[in-house]
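Reviewing the structure listed below.
The values are calculated or read from the model by the stated rules, or taken from the named source; none is laboratory data. Everything numeric here is computed off the predicted structure, so don't read it as measured data. Cβ: placed from backbone, ideal geometry, glycine included. Neighbour counts: every protein chain shown.
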C-alpha cells in the first residue's frame with residue numbers, strides 16, 4: 001500500500017515522501033496516528049500545498065538545530081564514577097549517564113540520540129557525538145573523573 005507521510009517516521013521516510021508499506025502497518029499504525037494518509041489521486045493533489053508548509057517547517061527546525069548544535073559543542077559535562085585500582089571504572093559510562101549529565105546542564109537530549117559506539121570504561125576526556133536533528137550532529141566533550 002502506498003501512503004504519503006505527513007511527519008518524519010524513523011527508518012521509513014521524511015514528511016512529504018510517498019512510501020510503500022504493508023497494508024496492516026498503514027491501517028493500524030500510520031493512519032490512526034496521523035503520520036500518513038493513503039496515496040490516492042485526490043490526496044496527492046491536496047497534499048501539494050501541505051508539502052510546501054512541511055518544507056518550511058523542516059527548514060525552520062534545521063536552523064534551530066544548528067543553534068542547539070553550537071550550544072552543545074561549547075558545553076562539556078563531567079561524570080564522576082567510582083574507580084578501583086589502576087583507575088579502572090566500576091561499570092561503565094553509558095548513554096543514560098550522559099543523558100542525565102546533560103539534563104543537569106539544561107539540555108533535553110534523548111539517550112537514543114547519543115551516538116556512543118560503546119560504553120566508556122576508563123577515566124579521561126571523550127568526544128561524544130549527539131544527533132540534534134537528521135544530519136545535524138554535535139560533538140561534545142564528556143569528562144569522566146574519579147568520584
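The table below gives the values:
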| item | result |
| --- | --- |
| Residues located in the stretch 37-63, provided they are within 25 Å of the chain's Cα centre (by Cα) and either farther than 30 Å from residue 16 by Cα or modelled with pLDDT under 90 (or both) | 50, 51, 52, 53, 54, 55, 56, 57, 58, 59, 61, 62 |
| When residues of the stretch 117-146 are limited to those that are closer than 26 Å to residue 12 by Cβ and in contact with a strand residue (DSSP E or B) (Cβ under 6 Å, 6 or more places away or on another chain), the one surrounded by the fewest Cβ atoms within 10 Å (Cβ to Cβ) | 129 |
| Among the residues listed as 38, 32, the single one being more than 21 Å from residue 135 (Cα to Cα) and either in contact with a helix residue (DSSP H, G or I) (Cβ under 9 Å, 6 or more places away or on another chain) or touching a residue at least 24 places away in the same chain (Cβ under 8 Å) (or both) | 38 |
| Residue, surrounded by the fewest Cβ atoms within 10 Å (Cβ to Cβ), within the stretch 72-93, restricted to residues that are assigned to a helix (DSSP H, G or I) and in contact (Cβ under 8 Å) with a residue 40 or more places away in the chain | 87 |
| Residue match in the stretch 84-91 (condition: touching a strand residue (DSSP E or B) at 6+ places or on another chain (Cβ under 7 Å) and either closer than 12 Å to residue 142 by Cα or assigned by TED's automatic domain parsing to the domain that holds residue 36 (or both)) | no |
| Qualifying positions in the stretch 33-60 - loosely packed, with under 14 Cβ neighbours inside 10 Å and under 30 Å from residue 106 (Cα atoms) | 55, 56, 57, 59, 60 |
| Condition broken by residue 58, with the remaining ones in (1) touching a residue at least 40 places away in the same chain (Cβ under 8 Å); (2) over 30 Å from residue 1 (Cα atoms) satisfied | (2) |
